[in-house]
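Worksheet: the structure to be examined is printed underneath.
The values are calculated or read from the model by the stated rules, or taken from the named source; none is laboratory data. The model shown is predicted, which means the values in this text are computed figures rather than measured ones. Using ideal geometry, Cβ is built from the backbone for each residue, glycine included, and neighbour counts are taken over all protein chains shown.
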Amino acid sequence: MRRAALIIIPYFWLLALFLVPFLIVLKISLSDTALAIPPYTPTLDFSNGWQGIKDFWAALDLENFEFLTTDDLYWKAYLSSLKIAVIATFLTLLVGYPIAYGMANAPDHWRPTLMMLVILPFWTSFLIRVYSWMGILSNEGYLNQLLMGMGVISEPLTILNTNTAVYIGIVYTYLPFMILPIYSALERLDASLLEAAEDLGCSRLTAFWLVTVPLSKNGIIAGCFLVFIPTLGEFVIPSLLGGSKTLMIGKVLWEEFFNNRDWPVASAVAVILLLILIIPIILFQRNEQKQREADG
Amino acid sequence: MGQTVFEPWNDPDAKPLIQFKNVTKRFGDFVAIDNQSFDIYEQEFFALLGPSGCGKTTMMRMLAGFETPTEGTILLGGQDIAPIPPNKRAVNMMFQSYALFPHLSIWENIAFGLKRDNMPKDKIDARVAEMLKLTRLEQFAKRKPHQCSGGQRQRVALARSLAKAPKLLLLDEPLGALDAKLRQDTQFELMDIQEKTGTTFVIVTHDQEEAMTVASRVAVMDHGKIIQADTPARIYEMPNSAYVADFIGDVTIISGTATPAGDGYDIAFAEGQPILHAKSDIQLAKAQSCHLAIRPEKVAITAEKPADAANALQGKILDIAYLGNLSTYHVELANGQVVKSQTANTRRLSRRSFTWEDEVWLSWTDTAGVLLKE
């Protein structure tokens with residue numbers, strides 16, 4: 001009985017915070033746009049009783065999903081988002097792994113400080129941090145001033161409002177999500193395993209590839225998912241740092257909602273995005289499950 | 001058909017496999033190994049025994065190549081090994097934690113070192129199969145380490161470190177993680193495998209019983225120094241110091257002053273107690289202070305004073321430790337000195353002759369005790 005009560009609490013939250021909102025979005029995506037408040041029809045009206053519910057049900061259709069396939073903007077935006085998310089995740093891994101490795105191999109008394117430094121940026125608003133990148137990356141920004149001052153370049157580099165700026169923004173923002181799981185995997189690594197590998201004839205580098213990397217695999221996978229999933233639907237970074245050519249589904253979604261006031265199409269875009277995201281989330285969960293089994 | 005006794009350390013022509021020459025190792029101000037020189041011979045099973053922090057692990061890590069001596073040289077087969085990194089040494093180590101690779105199967109763990117040598121595939125297969133057979137792990141080849149019991153993991157670690165056929169195998173507390181029963185069986189298994197492969201083994205342990213069981217020679221260490229290195233029997237019966245006598249097995253140490261008498265000494269140890277007699281070769285001046293170390297099993301316990309014992313003392317039973325096969329009596333003399341006596345319980349359910357507070361006589365011959373200098 002008490003066990004059941006314990007399980008009910010998380011399921012209740014899942015229902016209230018995920019499933020109910022999702023069903024509302026799904027309902028809107030099956031509606032038609034209208035000049036009204038809210039800007040779609042039909043709306044569920046219980047005052048007409050059973051007939052009202054039947055009418056409501058009959059008015060729902062898949063028109064908006066069909067519309068998404070007719071305009072190639074949408075699938076291009078999905079593909080472009082996927083590409084940006086994959087590349088950005090890979091770049092974050094390249095930057096994050098050495099940092100996590102350095103932290104895990106730092107002297108014990110340094111580790112809390114290093115951990116603090118990784119988490120510290122979260123204490124400032126995410127929006128302000130992305131804005132400050134505009135100041136760094138713009139044509140008159142600090143980076144160009146520095147490079148021109150050192151004589152590396154004569155013309156300012158155009159970084160802001162390109163995909164490069166988006167990658168920089170994503171790597172910067174999501175780096176801690178990559179570092180922390182990898183660090184926790186590396187920290188648990190038994191140092192005698194590396195000594196054993198060396199004892200059996202490995203050089204330091206081979207020992208790293210054959211022992212350290214496979215044993216931090218779960219951290220790498222967790223970090224990659226933690227970066228990939230929010231990046232796919234990212235809206236703030238591409239709209240502030242990206243240019244007109246940066247096509248991401250988060251931005252398209254925002255424009256449908258607020259510029260076109262087409263809630264049903266926007267909801268359809270969101271439903272598809274969720275379906276795309278559910279695949280990596282399921283993969284992620286299965287990985288976690290496998291890891292728990294291996295540990296148990 | 002007599003078997004030749006294996007004791008190369010007594011043969012002046014024998015070439016040692018390993019030579020420590022004035023080796024000192026310091027960590028900052030701390031002296032871990034203090035100017036030690038000794039030899040280990042081929043096919044030996046050499047045990048480094050001592051309390052934690054005595055430097056035995058440092059000694060082993062220097063052989064493996066994870067530490068380098070601060071001063072002095074270590075020779076392996078006549079060659080200085082200081083410049084050779086661990087991955088190039090013909091030395092393998094079995095780690096205390098076993099250090100099995102958790103992401104690899106038992107088979108892959110054993111093949112790990114062979115693959116690094118770019119051995120052809122069929123030879124790797126044959127060698128791994130041989131190692132699995134040697135350690136009786138054939139059915140477990142496909143399992144991962146976490147699916148194996150402690151005893152099986154121990155055998156995998158042994159198979160992995162033996163796979164490359166090293167000249168020297170180092171074992172760091174190899175049986176420390178096993179329970180007492182399994183540990184005993186494994187000790188004999190280790191000796192068997194050592195004999196079959198003919199590999200030189202160096203074992204580090206803090207368990208004196210384990211060292212005595214498996215080793216051809218035992219080196220007792222303390223504070224970075226080898227106090228005595230000898231066969232288990234000589235270490236036990238002829239310790240060279242009170243430290244060794246006390247560290248190995250059970251012992252009673254009586255401190256007194258020696259006076260030469262015949263081919264031995266008379267030892268006076270307390271007011272009102274009889275003079276003790278011990279035969280000894282050591283040189284002591286008159287009235288020089290000394291220790292007499294006596295093993296409890298060499299002390300007889302009787303109700304009446306024995307007629308013709310070289311040494312006889314009267315006391316009162318303070319404690320009795322019943323160990324099943326043996327009983328150890330702690331007998332307190334009038335001056336407060338406690339002497340231990342051990343008797344074998346040869347008969348089942350025999351009447352216990354003595355109990356607490358009984359007045360008893362302890363006696364031993366003049367060759368039973370070992371006389372040690374201060």
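When residue A:161 is tested against (1) part of a loop (DSSP other than H, G, I, E, B); (2) within 31 Å of the chain's Cα centre (by Cα); (3) within 14 Å of another protein chain (Cβ to nearest Cβ), exactly one condition is not met: (3).
Could you tell me whether the range B:301-321 includes any residue that is part of a loop (DSSP other than H, G, I, E, B) and touching a Pro at 6+ places or on another chain (Cβ under 8 Å)? No. Given the condition farther than 19 Å from residue B:249 by Cα, surrounded by fewer than 16 Cβ atoms within 10 Å (Cβ to Cβ), at pLDDT below 90 and not basic (Lys, Arg), answer yes or no: does some residue in the range B:308-325 qualify? Checking the range B:308-325: at least one residue is farther than 19 Å from residue B:249 by Cα, surrounded by fewer than 16 Cβ atoms within 10 Å (Cβ to Cβ), at pLDDT below 90 and not basic (Lys, Arg).
If you check residue A:185 against the conditions, is it within 14 Å of chain B (Cβ to nearest Cβ), within 27 Å of the chain's Cα centre (by Cα) and within 30 Å of residue B:170 (Cβ to Cβ)?
Yes; evaluated as a whole, the condition is true for this residue.
Is it true that residue A:199 is within 13 Å of another protein chain (Cβ to nearest Cβ) and buried (at least 20 other Cβ atoms within 10 Å of the Cβ)?
Details: within 13 Å of another protein chain (Cβ to nearest Cβ): yes; buried (at least 20 other Cβ atoms within 10 Å of the Cβ): yes.
The answer is yes for residue A:199.
Residues that are assigned to a helix (DSSP H, G or I) and surrounded by fewer than 22 Cβ atoms within 10 Å (Cβ to Cβ) were ranked within the range B:87-110; the one that is farthest from the other protein chains (Cβ to nearest Cβ) is B:107. Scanning the range A:254-296 for residues that are without any contact (Cβ under 8 Å) to a residue 40 or more places away in the chain and within 14 Å of chain B (Cβ to nearest Cβ) yields A:290, A:292, A:293, A:294, A:295, A:296. Restricting attention to the range B:62-86, the residues being without any contact (Cβ under 8 Å) to a residue 24 or more places away in the chain and either within 25 Å of residue B:189 (Cβ to Cβ) or among the hydrophobic types (A, V, I, L, M, F, W, C) (or both) number 4.
Checking each residue in the range B:112-158 for being among the hydroxyl-bearing types (Ser, Thr, Tyr) and exposed (fewer than 15 other Cβ atoms within 10 Å of the Cβ) picks out only B:149.
Within the range B:175-192, the set of residues being under 18 Å from residue B:131 (Cβ atoms) and of a type outside the set (Asp, Glu) comprises B:186, B:190, B:191. For first residues located in the range A:58-80 and closer than 24 Å to residue A:234 by Cα, partners that are in a loop (DSSP other than H, G, I, E, B) and among the small types (Gly, Ala, Ser) and lie 6+ apart or on another chain with Cβ distances below 9 Å form the pairs A:64/A:31.
Residue-by-condition table, conditions (1) among the acidic types (Asp, Glu); (2) free of Cβ contacts under 8 Å to residues at least 40 places away in the same chain; (3) part of a helix (DSSP H, G or I):
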{"residue": "A:25", "(1), (2), (3)": "no, no, yes"}
{"residue": "A:44", "(1), (2), (3)": "no, yes, no"}
{"residue": "A:51", "(1), (2), (3)": "no, yes, yes"}
{"residue": "A:82", "(1), (2), (3)": "no, no, yes"}
{"residue": "A:113", "(1), (2), (3)": "no, yes, yes"}
{"residue": "A:120", "(1), (2), (3)": "no, yes, yes"}
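Checked against (1) surrounded by 19 or more Cβ atoms within 10 Å (Cβ to Cβ); (2) within 14 Å of chain B (Cβ to nearest Cβ), residue A:223 meets all criteria but (2).
Within the range A:250-296, restricting attention to residues that are surrounded by 12 or more Cβ atoms within 10 Å (Cβ to Cβ) and of a type in the set (Val, Ile, Thr), the residue that is farthest from the chain's Cα centre (by Cα) is A:265. When B:219, B:211, B:126 are checked against the criterion of being assigned to a strand (DSSP E or B), more than 14 Å from chain A (Cβ to nearest Cβ) and not β-branched (Val, Ile, Thr), B:219 stands alone in meeting it.
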